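Student: Sharing a structure with you now.
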Amino acid sequence: MAGDAIEVKERVWEEEQVQCCVYCCVNSLHAETSDGKYISPFHDIPLYVADEQDCVVPPKKMKMNGIIFNMVVEVPRWSNAKMEIATKEPLNPIRQDVKKGKLRYVANVFPHKGYIWNYGALPQTWEDPKHTDKETMCCGDNDPIDVCEIGSKVCVTGQVIQVKVLGILGLIDEGETDWKVIAINVEDPDSSSLNSIEDVRKIKPGHLEATVDWFKKYKVPDGKPENQFAFNGQFKDKDFAIEVIKSTHSYWKALVMRKKMKDDEIVCQNSSLCDSPFKCSDEEASAVVETTAEYGEPLPVSPEVDKWHFL
């Protein structure tokens, strides 16, 4: 075996799902490998799935059209809790977002219920807030790139699935570029029939239109204006999407290789990136989890979460 990064990839990703260790409350999850080692779902899970690869970054000559990506599921379809990778916490656990001291839930805008796809992120990507996208003319949103997985299976928070990319939607969220990758689980029954964004239109009629409607209106019940889109809300194709993913991967690589980390910046602590100054030992990773608050009782969910909003 060539190095630690390869060992981590093979040890973890033979399994379909990362085990999640619950701490503090049911609204927060640390990622744990099948052999009990804690990792960052942001930095330690490889972006690319490849059977024969000597590093976590694919070779330059790899055929991008046939490449498969790992996706970290944050929010299962039909659920409302706004779970996300906590980029500014050690080891980046998946936790429910909090605003003004309250746990956040996405509103149900008729006819939708919660998230209408399995929603998550591509690991080892980052939308750089200091980079102005030449297509959208807006800066990145400081998060991993988002994914809407449109398969038939409802996933669980913390699950790692393999997806193929079909296209991408350019959301402009409060003045920031917030790309939404459209993808399908490679194990889905429709996977072999879905190879492009046009295939989605044919096989899942109305799904893309519903996706635009969802992102346009989901913040309106919170008193915010409708979101805007690049390209007038039109989806771009698979090749365009893969180029966006490649660029966000390059920004992520620069992020984890920088020499210093400021207090208010993204935490790059990881357990597998040998050349990163933020690589930690298994003992240090375990200490992060051990020093967190103990498991608590789940908080009651307000009936307001189930309310339908008619706009």
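The values are calculated or read from the model by the stated rules, or taken from the named source; none is laboratory data. It should be emphasised that the depicted structure is a prediction, and the values quoted were computed from it without experimental measurement. Cβ sites come from the backbone with ideal geometry, for glycine too, and all protein chains shown count toward neighbours. Calculation scope for accessible area: heavy atoms of the full protein, side chains included, ligands and nucleic acids excluded. Shrake-Rupley method; radii C 1.70, N 1.55, O 1.52, S 1.80 Å.
Student: Rank Met83, Met137, Met257, Met71 by accessible area, highest first, at a 1.4 Å probe radius?
Tutor: Met137, Met257, Met83, Met71
Student: If you look at just the Cα atoms of region 224-304, how large are its Rg and its Dmax in Å?
Tutor: Both quantities, over Cα of region 224-304: 19.8, 50 Å.
Student: While we're looking at this one, here's another question. What does the accessible area of Asp178 come to, in Å² to the nearest 10, when a probe of 1.4 Å is used?
Tutor: The value for Asp178 is about 10 Å².
Student: List every residue whose amide H lies under 5 Å from the amide H of Val109, counting only residues 5 or more places away in sequence or on a different chain, with H placed 1.01 Å from N in the peptide plane.
Tutor: Answer set, sorted by chain and number: Gly114, His309.
Student: Another question, then. Of the heavy-atom accessible surface of the chain (probe 1.4 angstrom), what whole percent is carbon and sulfur?
Tutor: Details: 7590 of 14910 Å².
Ligands and nucleic acids excluded, carbon and sulfur give 51 percent.
Student: Continuing with this model, one more query. Hey, what number do you get for the chain at 222 nm if only DSSP H runs of n ≥ 4 count, each worth -39500 (n - 2.57), divided across all residues, to the nearest 500?
Tutor: Per the formula, -5500 deg cm²/dmol.
Student: From the gyration tensor of the Cα coordinates in region 159-311, what semi-axes in whole Å does the equivalent ellipsoid have, largest first, with each one equal to sqrt(5λ)?
Tutor: Values: eigenvalues 216, 121, 69 Å².
In descending order, the three semi-axes are 33, 25, 19 Å.
Student: Considering only protein heavy atoms, what is the solvent-accessible area of Leu299 at a probe of 1.4 Å, reported in Å² to the nearest 10?
Tutor: Leu299 exposes around 110 Å² with every protein chain in place.
Student: Continuing with this model, one more query. Go through region 292-303 residue by residue and turn each phi into a ³J(HN,Hα) via Karplus (6.51, -1.76, 1.60, θ = phi - 60°); whole Hz please, and just put x for glycine and proline.
Tutor: Residue by residue, region 292-303 yields 7, 5, 6, 4, x, 6, x, 7, x, 8, 5, x Hz.
Student: Please give the contour-minus-distance gain from Thr132 to Ser250: 0.36 nm per residue of separation, less the Cα-Cα distance, rounded to one decimal in nm. Show your work: numbers first, answer last.
Tutor: On the way: separation 118, 0.36 × 118 = 42.48 nm, distance 1.46 nm.
Result for the pair: 41.0 nm of gain on full extension.
Student: What residues have an amide H closer than 5 Å to that of Gln159, excluding those fewer than 5 places away on the same chain, when H is modeled at 1.01 Å from N in the peptide plane?
Tutor: Val73
Student: How many times 2.2 N^0.38 Å is the alpha carbon radius of gyration of region 123-185?
Tutor: Details: Rg = 12.9 Å, N = 63, 2.2 N^0.38 = 10.6 Å.
Cα Rg divided by the expected 2.2 N^0.38 Å: 1.21.
Student: Across bins of 5 angstrom width beginning at 0, how are the C-alpha pair distances of region 79-222 distributed, in whole percent?
Tutor: For region 79-222, the pair-distance distribution reads 2, 9, 17, 21, 23, 18, 9, 3, 0.
Student: Right, here's the next one. Can you give me the Cα centroid spacing of region 257-308 and region 133-211 in angstrom?
Tutor: 25 Å
Student: Sticking with this structure for a sec: Please report the net charge: other residues with Cβ closer than 14 Å to the Cβ of Glu174, K and R +1, D and E -1.
Tutor: -4
Student: Would you mind checking which residues have amide H under 5 Å from Tyr48's amide H? H placed 1.01 Å from N; only 5 or more apart, or other chain.
Tutor: Sorted by chain and number, the residues that satisfy this are Asn70.
Student: Another question about this same structure. Considering every pair of different Cα atoms, what Kirkwood radius, in Å, is found for the chain?
Tutor: Values: mean 1/r = 0.0502 Å⁻¹.
Taking the inverse mean of 1/r over all distinct Cα pairs, the chain comes out at 19.9 Å.
Student: Right, another one. Could you run the Karplus curve 6.51 cos²θ - 1.76 cosθ + 1.60 with θ = phi - 60° over region 84-89 and give me ³J(HN,Hα) per residue in whole Hz, x for Gly and Pro?
Tutor: So the Karplus estimates, Gly and Pro as x, are 7, 5, 7, 5, 9, 10 Hz.
Student: Among Val186, Val109, Val98, which one shows the biggest mean-square fluctuation in a GNM of the chain, springs joining Cα atoms closer than 10 Å?
Tutor: Val98
Student: Using the heavy atoms of the protein chains and a 1.4 angstrom probe, tell me the accessible area per residue for the chain in square angstrom.
Tutor: On the way: 14910 Å² over 311 residues.
Each residue of the chain exposes 48 Å² on average to a 1.4 Å probe.
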